[in-house]
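Written out below as structure tokens is the structure these notes cover.
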Amino acid sequence: MRRLSFILLLISGICAAQNPIIHDQFTADPTARVFNGKVYLFASHDIRSEKNPRGLDWFCMEDYHVFSSDNLVDWTDHGVILKQEDVPWGNPAAYSMWAPDCVEKNGKYYFYFPDAPKNSRGGFAVGVAVADKPEGPYVPQEQQVAGVGGIDPCVLQCSNGDAYLIWSGGGLRAAKLKENMLEIEGQSVDLAAGLPAGFKEGPFAFERNGKFYLTYPYQFDGANNSPEALVYAMSDQPLGPYEYKGVIMPESPVGCWTNHHSFVQFNGEWYLFYHHNDYSPDFDKNRSARIDRVTFNPDGTIQQVVPTWRGVGLSRADRFVEVDRYSTAENATLEFVNPDRRFDGWFIRYAGQARSTYDDVDFNGVKAKKMTLRMRSSSGGSLRVKVGDKTIGEITVPGQTGEWTDFTMPVKGKIAGVQDLAFELTGGSVDLDRVIFGGKK
């Protein structure tokens, strides 16, 4: 996806998104929270470093970023909010700043994160950094949270004002937080008691309509680091007992070992944030955040979420529509535009009886008199473009067009509102990267 508008958006600190939603860095373990009318995304930051004490082939994180969006499409990177060398009690060279969370109480923002303590022999602890704004700056506390040993902290905020810290490591454990949000009350309890046996981590808990949901990655087959599914349990009480209900998202079809997630309600809709190794298919410890919609059944149970390339939100017709993030496709394949620079994204290749669709393109306020498609073909081919069932244009790409070329053609008829696009191969074979209407950025 070589696009001028993408470069301009990066200059302004904004990424326009489909899945994955952040296009210039790895963003694992995404926790989404709504603050001040925006969604804020707190994620781990996967890197590869020879300084990682566990080697190049293991998880490696040294800092945290925070991102925000008011439409789930355009994401602003607010930069680094915490680095491993900033943690007074932490090992500044552990590269173990794994899944975080952040909640607000009384105008303060509490960022919970795991880290390896100084002089530890493989153990983990949970710390808290505090800020006056969700984008920071965050000030880490001098000491870790006493009585908490593990990773993947999550805070369950209840409608009655109570808050509970939940974490993994030796199971799934929880304890009530004191009013100061920095300490726990009493001893922790095991939330996994009564749940199916097997490896569990990465808890995320929330309350909805008086029911409490405990969701977590789970290995149905714990041998050889098999891929994790996302599953859930429900209870009438924040500390359980929880009753197992089933799968939210099945295991990765391409073998990505981990998944980690969060649920958020925004503008009346529920969404699942999760991660996958889209930009790093050959190394599943570099992961990227995704979003898809969540549907609850009348009894409160959760329908399985099907991962999509398209993701959520409206795509403006007068900005580059990355059609490789398709809604549906037949006889079409995806490849990286530049295998050496994978954050450049993908293109879609059409051959045979190929067709793809891309839903929810917003033409409101767009004078769609022409469209420009970035295409190429080694042998020549023709592609028909449709809005709904109406053909708005057909373009022929000459053979030996090996370089990406922008082809512009007039649009037949008028287009208004939110529409679904379809692309149908009518002959030969072609590669398509993107399309834009009206010629505007």
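Bear in mind these aren't lab numbers, they're just calculated from the coordinates by the rules spelled out. Bear in mind that the values here come from a model prediction, so they are computed numbers and not experimental data. When we count neighbours, we look across all protein chains shown, and the Cβ atoms used for this are built from the backbone with ideal geometry, even at glycine.
Between residue 338 and residue 314, what's the calculated FRET efficiency when r is the beta-carbon distance and R0 is 25 Å? Round to 0.05.
0.35
Where the only charges are on Cβ atoms (+1 Lys, Arg; -1 Asp, Glu), what is the dipole of the chain about its Cα centre, to the nearest 20 debye?
The calculation lands at about 1340 debye.
Excluding same-chain residues fewer than 8 positions from residue 412, which lysines have a Cα within less than 27 Å of its Cα?
Once the sequence-local lysines are set aside, what remains near residue 412 is 367, 369, 370, 386, 390, 440, 441.
Given springs between every Cα pair under 10 Å in a Gaussian network model of the chain, which of 214, 41, 56 has the largest fluctuation?
Result for the chain, Cα springs under 10 Å: 56 fluctuates most.
For residue 299 and residue 133, what does the FRET efficiency come to when R0 = 41 Å and r is the distance between their Cβ atoms, rounded to the nearest 0.05?
After rounding to 0.05, the efficiency reads 0.60.
What number, in percent, do you get for the relative contact order of the chain if the mean sequence gap of Cα pairs under 8 Å and at least 6 apart is divided by its residue count?
Averaging sequence separation for qualifying contacts and normalising by length gives 12 percent for the chain.
To make sure I understand, if each residue's beta carbon is the centre and we count other beta carbons within 10 Å, what order do 128, 323 fall in, fewest to most?
Lowest to highest Cβ neighbour count: 128, 323.
Report the gain in length on full extension from residue 391 to residue 49: 0.36 nm times residue separation, minus Cα-Cα distance, nm rounded to one decimal.
Length gained between residue 391 and residue 49: 118.1 nm.
Using a Gaussian network model of the chain whose springs link C-alpha atoms within less than 10 Å, name the residue from 292, 29, 221 with the highest mean-square fluctuation.
In the Gaussian network model the winner is 221.
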